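Undergrad: Would you mind keeping the following structure in view while I ask a few things?
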Amino acid sequence: HFKTFDGDIFHFPGLCNYVFASHCNAAYEDFNIQIRRTVVGNTPAIDHITMKLEGVVAELTKEAVTVNSNRVQLPYSQSGITIERSSIYMKVISKIGIVLMWNEDDSILV
């Protein structure tokens, strides 16, 4: 299920790459968040997140986190991005005000 910024809820069981959120009405695209969904044990799950934040590209999977194609260790804080993992979720905070939380399974919040 997806709940939009304006409160609408959609059920979309698609398994592919999707633009989850972006700032598309500006001359400069300062952020873009893409997700890839797969099926794990008959249940759709998010297995890959790509975030483009003011020229920095962060990729999140359960196995690894990369920033500008370089694998990083968590917690990570550089280039205006902080990435940390707790026992419940992975959290990305950017200097432009975007906060993403992912339970490393089927839930993502921006």
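Undergrad: Taking 0.36 nm per residue of separation and subtracting the Cα-Cα distance, what length does fully extending residue 73 through residue 8 add? Let's see the in-between values first.
TA: Details: separation 65, 0.36 × 65 = 23.40 nm, distance 3.62 nm.
19.8 nm is the gain from fully extending residue 73 to residue 8.
Undergrad: Please enumerate, by chain and number, the aspartates and glutamates with C-alpha under 16 Å from the C-alpha of residue 91, excluding those fewer than 8 residues away in the same chain.
TA: Filter leaves 47, 59, 63, 104, 105, 106.
Undergrad: What residue among 32, 17, 42 has the largest mean-square fluctuation in a Gaussian network model of the chain, using Cα springs under 10 Å?
TA: It is 42.
Undergrad: Same structure again: For the chain, set up a GNM with springs between Cα atoms under 10 Å and report which of 96, 33, 49 has the largest fluctuation.
TA: Looking only at 96, 33, 49, the largest GNM fluctuation is found for 96.
Undergrad: Right, next: For the chain, build the charge dipole from Cβ charges (+1 Lys, Arg; -1 Asp, Glu) around the Cα centre, then report which of 109, 4, 75 sits farthest towards its positive end.
TA: 75
Undergrad: Between residue 89 and residue 17, what FRET efficiency comes out of the Förster formula 1/(1 + (r/R0)^6) with R0 = 22 Å and r the beta carbon distance, rounded to 0.05? All intermediate terms of the calculation are to be shown ahead of the outcome.
TA: Working: r = 22 Å, r/R0 = 0.98.
That gives a FRET efficiency of 0.55.
Undergrad: Let's see if you can work this out: charge +1 on each Lys and Arg Cβ, -1 on each Asp and Glu Cβ, no other charges. What is the dipole magnitude of the chain about its Cα centre, in debye to the nearest 20?
TA: Details: 9 positive and 12 negative charges, 37 e Å.
Using Cβ point charges on Lys, Arg, Asp and Glu, the chain gives about 180 debye.
Undergrad: Sticking with this one: Give me the percent relative contact order of the chain, please, defined on Cα pairs under 8 angstrom at least 6 residues apart.
TA: On the way: 194 pairs, mean separation 14.9, N = 110.
Result for the chain is 14 percent.
Undergrad: Treating only the Cα positions of the chain as identical point scatterers, give the base-10 log of I(q)/I(0) from the Debye formula at each q in 0.16, 0.21 Å⁻¹.
TA: -0.73, -1.25
Undergrad: Using only the heavy atoms of the protein chains and a 1.4 Å probe, how would 77, 86 rank by accessible area, largest first? Intermediate values should be presented prior to the final figure.
TA: Working: 77 85, 86 55 Å².
Putting 77, 86 in descending order of accessible area: 77, 86.
Undergrad: Now a separate question. Expressed as a whole percentage, what fraction of the accessible surface of segment 2-109 belongs to carbon and sulfur atoms when a 1.4 Å probe is rolled over the protein heavy atoms?
TA: Numbers: 3420 of 6680 Å².
Taking all protein chains in place, segment 2-109 shows 51 percent carbon and sulfur surface.
Undergrad: Just to confirm a number: summing +1 for Lys and Arg and -1 for Asp and Glu over residues other than residue 36 whose beta-carbon lies under 11 angstrom from that of residue 36, what do you get? Numbers along the way, then the final one.
TA: On the way: positive: 37; negative: 47, 59.
That sum, taken over residues with Cβ under 11 Å, equals -1.
Undergrad: Straight distance only, please: which aspartates and glutamates reach the Cα of residue 52 with their own Cα at less than 16 Å, same-chain residues fewer than 8 apart left out?
TA: Answer for residue 52, where 16 Å is the Cα cut-off: 29, 30, listed by chain and number.
Undergrad: Between beta-carbons, use under 11 Å as the cut-off and find the net charge around residue 53, counting Lys and Arg +1, Asp and Glu -1.
TA: Working: positive: 52, 95; negative: 29, 30, 54.
In short, -1.
Undergrad: Something else about it: Which one, 36, 85, 71, has the greatest fluctuation when you compute a Gaussian network model over the chain with C-alpha springs under 10 angstrom?
TA: Maximum among the listed residues: 71.
The values are calculated or read from the model by the stated rules, or taken from the named source; none is laboratory data. What you see is a predicted model, and the numbers here were worked out from it, not measured in a lab. We place every Cβ from the backbone using ideal geometry, glycine too, and count neighbours over all the protein chains shown. When the accessible area is computed, the model is the full protein with side chains, heavy atoms only, and any ligands, DNA or RNA have been set aside. Shrake-Rupley method; radii C 1.70, N 1.55, O 1.52, S 1.80 Å.
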